[in-house]
Amino acid sequence: MKIPLAIIIIAASLNAAETNISSPPAAVLTIDPNGPSKPFSPVFAGLMTEEINHSYDGGLYGELIRNRVFQDNPTNAEGWTLTLSSNAEATMSLSEKYPLTEKLPISLKVNVTKAGTNAAVSVSNEGYWGIPLRPETAYRVSFYAAGNNAWQKESKEDPEPVLFRAPLTVSLQSTDGKTTYATATSPVLGGSWNKIDLTLTTGKDIPPSKDNHLVISANAPGTFFLSLVSLFPPTYKERPNGNRIDLMEKLAELKPSFLRFPGGNFLEGKNLPDRYDWKQTRGPLEFRPGHNGCWGYRSSDGLGLLEFMGWCEDLGMEPVLAIYAGYSLRQQAIQPGPLLEPYVEDALNEIEYLTGDAKTTYWGAQRAKDGRPMPFSLKYIEIGNEDDFDKSGSYDGRYAQFHDAIKKRYPGLQLIATTPVKSRKPDLIDEHFYKPTDWFVKEFTHYDKAARNGPKIFVGEWATTDIPAWGKGKEKRENPTPTLREALGDAAWMCSMERNADIVIMQCYAPLFVNVNKDAQQWKPDLIGYDALKCFVSPSWHAQQLFNTHRGNEVITATLNAEGKEPAFPHSVTRDKAAGLIYVKLVNILPQSRVVRIDLGKGTELSGEAELTTLSSSDPNAVNSLSKPDSIMPTHKKIMDAASPYNLTLEPNSLTILTLQLN
Ligand code: AHR
């Protein structure tokens, strides 16, 4: 099999004759392709996700309207503005008198006392720091609207109501109101709720921009109500209620094997009522109330349980479903025993909802009603999140109760504990690491001696954080995404996990996403940044993408003897047996280059073709950003005459991946 051609191909040579292999001191990496090998987990690299930093609302979830069901703030219509043209008079307020459904009790009431053909009353939505518009694009608008009715008179709110029986004009406009990019008109409103669906299509000459609003205007007096106002751009794979295309493409390029969801702390909630209650995130949007997330803002739950599963299917990922296990962040622990039983039952129902037969199980039938008759395949369940924070020490008992109930009904499921437990043997243990670069570099052999007879290891959250992500000092960090140096810390840590990919069978970086608007961020660093219009990937994304596309299916024997008094540095050697490729990964955290002699010993023939991939910069603090998305990018060189042994020069501040082709 041929090595795939790289983006940039530069003829280069690693021939021993051309480099001075005798000039000491050089570290020596001895690779023994015929020595013992370890299997490489087929589900090694995945994604971790939760609603943090506006990951979904104002992020991956395609919805462009902020506060579409008017429940974000009980006292004002956050995200919405009333605009009156001269001669028009109106007020806008939240109303509980005219609920759309029992789950959406609040609507927006617009009381127009004066309006006419040239006197418009408009309510506009600002989106999540703007509404992105692109040329020749169809945007789907939908909302419920109702003109006022007799009930208003009965309530004495308006003794002689003027009935609103007019159409509404819906448009996409620049924020300053000077340019209208697309417009459409609704039917005449009746006296009860009606769903209005419109398509707004932009022209071919408009420049892509995000400083836009959705505007709903009236030119007649009377009172009308709005609920569930939604605006969707085209979505990934054209899924209704689907995901943003550019972000999904960046995830697809990472080649993830699994998705860990829905948290993280978002699963637990600050308080018990704010936990992730999957039942509230299913079914038509008219019945999804949203809930208070734990990161300081309300979640619409438009990206709900079935949408998570659709996301997995779109990218070919195994779902790793975290279930609420009776602990919320403010030390609210439900002790094992009868009090915990309803939560265990709830988890069993959730599993049945996803995997149960549509005809023979209650929850399978509910899933079918929600639009998905075919059961999902589900292999991994995580019981809770970071339960070592539970100071009551109840996790061992809570884990056992969930474990026994789930294994009894679903013996094939792999269960993940969030901290070691004594009462049962979980299939996997989830370990989290947020550490500085130096720690990860020093710990590149962290898992070399891990017990092979215990539970497998799932590193369910990890990230290099040279400036703390939380607590004292976190405000010093400006960049929401990792520096190159942090990406090298990440690469070092990936070496430590890859070297042991027989026991560390799954791993995922966290957090995944950040909306880079200052008010949107709760945690830094994050892997992928974006605003309403554009996105960029961090150096760490590149490091992960390179690891995941140079993976192999076994870990092979390799020993690095460092030069002089220097300690050995992070490295990992894997092989794709069928393709006859050896992947050598080396991380040089030093500000100067270093030479490594690569020696495959006798009896291993190389084809001569190799590929050299490097992620580096003279500035270890370099970052990518919206304005400079490509500051840090990998380079690829093709080598035509690779031979063993030879000297490989590692650039300063670099991750180097050498792909060797065996004969
Ligand atoms: O990744 C951010 C947070 O870090 C997660 O929500 C939590 O599990 C961890 O403490």
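The values are calculated or read from the model by the stated rules, or taken from the named source; none is laboratory data. The structure displayed is predicted, hence computed values, not measured ones. Here the Cβ is made from the backbone with ideal geometry for all residues, glycine too, and neighbour counts use every protein chain on show. These area figures cover heavy atoms from the full protein model, side chains too; ligands, DNA and RNA do not enter into them. Shrake-Rupley method; radii C 1.70, N 1.55, O 1.52, S 1.80 Å.
Computed values, structure above
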item	result
Selection count, the stretch 422-469, where residues are open to solvent by less than 30 Å² (accessible area, probe 1.4 Å), free of Cβ contacts under 8 Å to residues at least 40 places away in the same chain and either within 13 Å of the ligand (Cβ to nearest atom) or among the hydrophobic types (A, V, I, L, M, F, W, C) (or both)	1
Scan of the stretch 497-531 for residues that are open to solvent by 10 Å² or more (accessible area, probe 1.4 Å) and either of a type in the set (Gly, Ala, Ser) or part of a strand (DSSP E or B) (or both), ordered by number	Ile505
Residue, most open to solvent (accessible area, probe 1.4 Å), within the stretch 473-488, restricted to residues that are within 16 Å of the ligand (Cβ to nearest atom) and either over 19 Å from Tyr530 (Cα atoms) or aromatic (Phe, Trp, Tyr) (or both)	Lys474
Residues (charged (D, E, K, R), within 21 Å of Gly79 (Cβ to Cβ) and assigned to a loop (DSSP other than H, G, I, E, B)) located in the stretch 94-121	Glu96, Lys103
Lone unmet requirement of (1) modelled with pLDDT of 95 or more; (2) under 20 Å from the mean Cα position of the chain (by Cα) for Lys435	(2)
Sole residue being open to solvent by 50 Å² or more (accessible area, probe 1.4 Å), touching an Asp or Glu at 6+ places or on another chain (Cβ under 8 Å) and closer than 27 Å to Leu47 by Cα, chosen from Pro411, Pro375	Pro375
Complete set of residues in the stretch 235-252 that are open to solvent by 40 Å² or more (accessible area, probe 1.4 Å) and out of contact with any strand residue (DSSP E or B) (no Cβ under 7 Å at 6 or more places or on another chain)	Lys237, Glu238, Arg239, Pro240, Ile245, Glu249
Thr574 vs. criteria surrounded by fewer than 17 Cβ atoms within 10 Å (Cβ to Cβ) and either in contact with a strand residue (DSSP E or B) (Cβ under 9 Å, 6 or more places away or on another chain) or in a strand (DSSP E or B) (or both)	no
Residue within the stretch 411-421 that is within 16 Å of the ligand (Cβ to nearest atom) and farther than 20 Å from Arg452 by Cα present	no
Qualifying positions in the stretch 352-368 - over 12 Å from Leu306 (Cα atoms) and of a type in the set (A, V, I, L, M)	Ala358, Ala365
All helices (runs of 4 or more DSSP H) inside the stretch 207-323 with 2 or more residues being within 16 Å of the ligand (Cβ to nearest atom)	265-268
Residue in the stretch 556-567 that is among the aliphatic types (A, V, I, L, M) and open to solvent by 40 Å² or more (accessible area, probe 1.4 Å) present	no
Residue satisfying all of: in the stretch 34-66; part of a strand (DSSP E or B) and surrounded by 21 or more Cβ atoms within 10 Å (Cβ to Cβ); nearest to the ligand (Cβ to nearest atom) among these	Met48
